[in-house]
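Read through the structure below, which is laid out as structure tokens, and then see the notes.
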Amino acid sequence: MQLKNQLLGLTLSLLTIGCVDFNSLGDAKLPDYQAEFAVPLVNSRLTIADILDVNQTIGSLEVGADNTLQLIYRGDVLKRQSNEILEQFQSSFPPFIPVFSKDLRLPLNLLNGLELDQLIFKAGGFTYYLENENDQGLQIDFEFSSLIHEDGTPLQFSLNLDAYTGTGAKPFATNQSEPIDLTAYRLVPEDNEIVLKYSAQSSEGEALNASNFVIGLNDLDFSYIEGYLGQLEIPGGRDTVNIDFFENYTNGEIYFDEPQVSFFIDNSFGVPTRALVKEFFVETLSGAQLPVMSPLIDAGVDFPFPTLDQIGQIAKGEVLVNNSNSNIDTLLSANPIRVIYDVDALINPEADSDIAGFVTDSSFFDVQMEVRLPLLGRAEGFRATDTLSFDLGNTGNINSAEFKIITENELGVDVGLQVYFLDDQKNPIDSLFLENSAIIKGATVDDSGVPIASESVTTFVDFDQSRVEKVEDAPFMVLEARFSTETNAQQSVRIQNTQGVTIRIGAILGLSND
Amino acid sequence: MQKFLLHICCLMLLTLPLQAQQDIGIHFMQGVWQSNITNPASMPSHKFVLALPGFYNQTRIDNFNINDVIRKDDQGNTLIDLDNVLDKMDVENIIRQQVDIPTVSLGVKINQLFLQIGHSFHVNGYLDYPKKLAQVAWQGNAQFIGETIDIGPDVLAQAYNSFFVGVAGEIAPGVVIGGRFKVLSGTADLSTQRRSLQLTTDTEIYQTQLDADFVVNSTGVINFEGFNRNTGVDFNDSNINFDRLISSNYGLAFDLGVQARFGDWTFAASALDIGSITWREDAKKLSLEGNFEFQGLDILKDVLLDSVSTISLVDTLETQYNVVETSASYTTDLPAKYYFSATIQATDTWRIGGLAYVEQYREKFQTTVGLSANVQLFDFLSAGAIYSFTESESFRLGANTAIRLGPVQLIAATDNLITAFQVQESNSANFRLGLNLLLGKVNRGIDPDKIENQDDFFRN
């Protein structure tokens, strides 16, 4: 019975189980959360083309024959169309020519001593006016021998004038309201003289004269002029080629081994033309203006031009100014920021009238200058900076970070990187690296300046909570890159389009509750 | 992340007080209607039984208990000590939750047969998670730099209604077989179909690689709208109830049992919940498959262009993982259970028994063995104790009782009695409560299994 009573007690106890006080569990809190997450942040490979391209707003990048990258800056030196010149010739034609002789040979005294061999009209009209003051009717036969139709016949016309009665208006003839279209004609002077003839006869065959006889060449437009065009100077004006490579430059020196300036000439004028360099100098970052000195500059640059059997073709020429014929290497090694020039063009510079040239209505010349900076050279403490807006965003619960930075440099250039974090007044409040150490060592180069193998460097950067908080609020950051070729001493290094810098950044981020 | 962990912790802690373990003590409560749940061949001691709403809960959290989870700091504040929990965890860990709510059932003896009909609602929860998943969530992945770890959890959570009919009868002298046929109507499910998530953190700059073959099926639980800060994964637990008895997520299952008596010895075996549910209603499959590598952001050129104002690693990571959602019906098996027992009638009032219980979740089997002693103290009161052992736990002592007041019978059982008094030391719990209305007992005070002529028993 005692056992039964004990079991009964146990049974009653069973019915009351589950009444444990768990109130404290409701108030339980998680302890300080201290997790560390390892995450990859950045994995970028930048070729030198990427780096330069994103900063080039004016120039361009080209790859040279040996894959060497070249910075290219171009500008127009001189560009002219033939219409500017042809208009001058058109305006030099007299509007009316008096026909004071039945066999007229009229010298052409046109612009700048123009000695015309041939002129083809694209548009224009021929007009005449003549009177009869004779008391007999006239039979007029006119021939403009120098004005030849495309079918080979000279411009001709015949007309009759009534006899003058002695009173009232004299009988006259004119085509002013309906000029003869000159579109199909060309003017072919004889010894720079235009030749025209006419005859006037009475009905009885008596030779008489017309009076007040004038002809006019109106609304002329030419498609072709051939001959000695005279000496004509065409002003080019001052212009500039900006070099923005040094836009973010802070200090230091960079030396380009083989800089060059080229003039590219396209010319379809069939006349000798020379570029007259009035100004040509390089302005450096320091504000100095250093003149380019070269015999080429002094002598002027003669344009190639098409000959009479090359009408319609474009003659091309290139004039190279480099370290063999100028002081350009010195100038472009001195941190140039722009090239300034003023170049005019002189047609028939030697004024040799024996040289017959031509101009068509589509002739032009175009002179362009190109500054080419091959990325082959040396750098000493060359430093560039760029200020960027920065918003790290809410870092959430990140209270520490250990960055692991792996850089792999395929360039022969040592690159020192630093990031400064700025406050809203742009005062520095922290930096990524505590020391300005060059963390991307340059690759060793061979004798031609080409890197032999890439260099890899691993760097660890610790950010404790106080640094994280500072950086979190920074609205700006300054990227600073320092370049030098210290690793390769005085050996010039060659930057090729395939070279680049790989930057990989991972971080172990410490997270906590708040 | 920490809020998520807090929710998980609270969920785990709040389930522990429910007190439960494997439902083995009830198996030996002979003549009690609820023992029929463990073996459909087990008959009650009354001709008519009406079971009123009851409750059964089973919770098991492997490898740690409440004492491992909470601690007091120097100021006396209660803290959840997840670091300690992680120390206690094994390579693989299981959280098991089962809630059964038998709403109503009726058992009637008609001639030689005992018939039953009823309804119950079930919630099964099973989470098999690697320790490394918890470590990554709470401590981060930095500790696994240079390693490949598997963090894929195996999840099965389902809620369903069960409508059943059953019959038991003696097929030979002393040999009773019983069966129960169930029509299932699912209300919600969340289950992994494949669980492989291999996470590698590289040593170089900690590049991560997730080799994923992870597929989750969901019906009425998950709303997935992509990984981003405004949407994400919404868990909807509104379907985990039995308000809606009938759905198009139907399935079939059956229970089978046999009981054989040889003199004072009774041997029993049963297989329960052999069946499955096919989920069709708003069923969706969320797949994360493939090799997802994150090497870091390729942003330096954009930085140089000053076109990057905010660098968002999280946004990038969110777009890395491409979860594909498709609509497709699927089938999940019920966790099957198997009982094997032997009992001897030692005296008129004492019965001694032994049991092996096997539960199958997915491909994993959990085995419990136990010894029981039951006594009929009074005509209205019986009591029992069971001593059991499960692979992942130490020995436990359970107790059970049935009290009858007139036609009303109240039963209570637990398989981990010590936990009732030292809940903070326990990592498992179960508890069953039942209320029955009994009519027509054949032979007051005599166990029907001891009736030599069973035919007479069933005729009474």
Output ordering of A:338-351, B:169-182 (per-residue mean of other Cβ within 10 Å, highest first) is A:338-351, B:169-182
With -39,500 (n - 2.57) per DSSP H segment of 4 or more residues and division by the full residue count of chain A, the 222 nm estimate, nearest 500 deg cm²/dmol, is -3000 deg cm²/dmol
If every Lys and Arg gets +1 and every Asp and Glu gets -1 at its Cβ, then about the Cα centre region A:310-465 yields a dipole, in debye to the nearest 20, of 160
Karplus ³J(HN,Hα) for region B:326-337 (6.51 cos²θ - 1.76 cosθ + 1.60, θ = phi - 60°; Hz, whole; x = Gly/Pro) runs 10, 9, 6, 6, 8, 10, 10, 7, 6, x, 7, 10
Taking every other residue with Cβ under 12 Å from the Cβ of A:Gly449 and scoring Lys and Arg +1, Asp and Glu -1, one gets -3
Any residue on another chain or 5+ positions along whose placed amide H is under 5 Å from the amide H of A:Tyr33 is listed here as A:Asn513
Per DSSP, the loop-located GluC sites (Glu not before Pro) within region B:362-410 having at most 13 other beta carbons within 10 Å are B:Glu363, B:Glu391
Neighbours of B:Gln209 by Cβ distance under 11 Å: Lys/Arg at +1, Asp/Glu at -1, summed charge -3
A correct fewest-to-most ranking of B:Val369, B:Val123 by other Cβ atoms within 10 Å would be B:Val369, B:Val123
When B:Lys301, A:Lys29, B:Lys132 are ranked with the fewest other C-beta atoms within 10 Å first, the list becomes A:Lys29, B:Lys301, B:Lys132
Projected onto their principal axes, the Cα atoms of region A:252-320 stretch, largest extent first, over whole-Å spans of 55, 22, 17
Output field shielding_mean for B:197-208 (other chain Cβ, 10 Å radius) holds 5
At 25 °C in a medium of viscosity 0.890 mPa s, region A:426-468 has a Stokes-Einstein diffusion coefficient, with Rh taken as the Kirkwood radius over alpha carbon pairs, in µm² per second, of 182
If B:Leu355, B:Leu371 are placed from fewest to most neighbouring beta carbons inside 10 Å, the sequence is B:Leu371, B:Leu355
Of every Cα-Cα pair in region B:61-151, the percentage lying beyond 16 Å is 71
One checks the Cα atoms of region A:103-143 and finds Rg and Dmax, in Å, of 16.0, 46
One finds the C-alpha centres of region A:149-180 and region B:90-149 to be spaced, in Å, by 120
Computed on Cα atoms only, the convex hull of region A:174-242 has an orientation-averaged projected area in nm² of 9.9
Flagged as over-length at 24 Å C-alpha distance, from B:Lys131/B:Lys337; B:Lys109/B:Lys337; B:Lys47/B:Lys337; B:Lys132/B:Lys337; A:Lys79/A:Lys278, the pairs are B:Lys131/B:Lys337; B:Lys109/B:Lys337; B:Lys47/B:Lys337; B:Lys132/B:Lys337
For region A:31-150, the dipole about the Cα centre with charges only on Cβ (Lys and Arg +1, Asp and Glu -1), to the nearest 20 debye, works out at 200
The correct pair for chain A, radius of gyration to one decimal and Dmax as a whole number, both in Å and from Cα atoms, is 43.2, 181
Quick shape summary for region B:78-208, equivalent ellipsoid via Cα gyration tensor, semi-axes whole Å in descending order, reads 49, 15, 14
Listed by chain and number, the aspartates and glutamates with an alpha carbon less than 15 angstrom from that of A:Lys441, same-chain partners under 8 positions apart left out, are A:Glu380, A:Glu408, A:Glu410, A:Asp414, A:Glu455, A:Glu486
The local net charge around A:Thr240, scoring Lys/Arg +1 and Asp/Glu -1 for residues other than A:Thr240 whose Cβ lies under 13 Å from its Cβ, equals -3
Filtered hits (lysines, Cα-Cα < 22 Å from A:Lys470, offset >= 8 within chain) -> A:Lys404, A:Lys426
For region A:207-312, whose charge dipole is built from +1 on Lys and Arg Cβ atoms and -1 on Asp and Glu Cβ atoms, the candidate among A:Phe263, A:Phe281, A:Pro306 with its Cα farthest towards the positive end is A:Pro306
The aspartates and glutamates whose Cα lies under 14 Å from the Cα of A:Lys316, excluding any fewer than 8 residues away in the same chain, are A:Asp266, A:Asp302, A:Asp366
Here the tail fraction of P(r) beyond 22 Å, over all Cα-Cα pairs of region A:372-514, rounds in percent to 47
Percent relative contact order for chain A, counting Cα pairs under 8 Å at least six residues apart, stands at 20
proj_area_mean for region A:98-186 (convex hull on C-alpha atoms), units nm², value 7.3
Output field shielding_mean for A:207-217 (other chain Cβ, 10 Å radius) holds 0
With Rg from the Cα atoms and Rh as the Kirkwood inverse mean 1/r over Cα pairs, region A:266-306 has an Rg/Rh of 1.17
Computed about the Cα centre, the charge dipole of chain A from +1 Lys/Arg and -1 Asp/Glu charges at the Cβ has a magnitude in debye, to the nearest 20, of 1720
Here the whole-number average of other chain Cβ atoms within 10 Å per Cβ of B:79-88 is 2
Output ordering of A:355-361, A:419-425 (per-residue mean of other Cβ within 10 Å, highest first) is A:355-361, A:419-425
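Computed from the coordinates by the stated procedures, all read-outs in this text should not be read as laboratory data. These figures come from a predicted structure and were not determined experimentally. Note that we place each Cβ from the backbone using ideal geometry, even for glycine, and neighbour counts take in every protein chain shown.
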